[in-house]
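Q: Mind having a look at this structure? Questions to follow.
The values are calculated or read from the model by the stated rules, or taken from the named source; none is laboratory data. Keep in mind it's a predicted model, so treat the numbers as computed, not measured. Here the Cβ positions follow ideal geometry from the backbone for every residue, glycine too, while neighbour counts run over all protein chains shown.
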Amino acid sequence: MPHEAITIVDEGRNVVATGLVEFLGDCYSGSVNVDRMSDSFQKMFVEYEDVVNNQTFSILDQIEDRISSIRFSAIFEGGSEFPVKDLQIFPKGGTLSFKA
């Protein structure tokens, strides 16, 4: 399947990230651009990335709960929009994955 352009928005319709993804198994995965991400989301996702990379699993659930408490949606290039589950954005690594 070819890569598709997507925009991730929060419940206020603010752009959180843009990217190019492909469907792999049961999730979408690809590259991400976080230039339009708010400072608060940037801080949260950088913290998430650091926790995952440093394998600090004792606080991983706490950060994942914060992320999952926010209603994110993915808008695909054709205009279709879906709620996002299991959103993982790695700002420093430039990748993202999610289920829709």
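Q: Filter the stretch 23-59 down to residues that are touching a helix residue (DSSP H, G or I) at 6+ places or on another chain (Cβ under 9 Å) and in contact (Cβ under 8 Å) with a residue 12 or more places away in the chain and give me whichever is surrounded by the fewest Cβ atoms within 10 Å (Cβ to Cβ).
A: My answer is Glu47.
Q: To continue, here is another question. Any residue at all in the stretch 74-82 that is among the polar types (S, T, N, Q), more than 14 Å from Gly12 (Cα to Cα) and under 15 Å from the mean Cα position of the chain (by Cα)?
A: no
Q: Report those strands (runs of 3 or more DSSP E) wholly inside the stretch 1-97 carrying at least 1 residues which are among the aliphatic types (A, V, I, L, M) and at pLDDT below 95.
A: Per the criteria, 15-24.
Q: Only one of Leu20, Leu87 is touching a residue at least 24 places away in the same chain (Cβ under 8 Å) and surrounded by 14 or more Cβ atoms within 10 Å (Cβ to Cβ). Can you tell me which?
A: Just a single option satisfies the conditions, and that option is Leu87.
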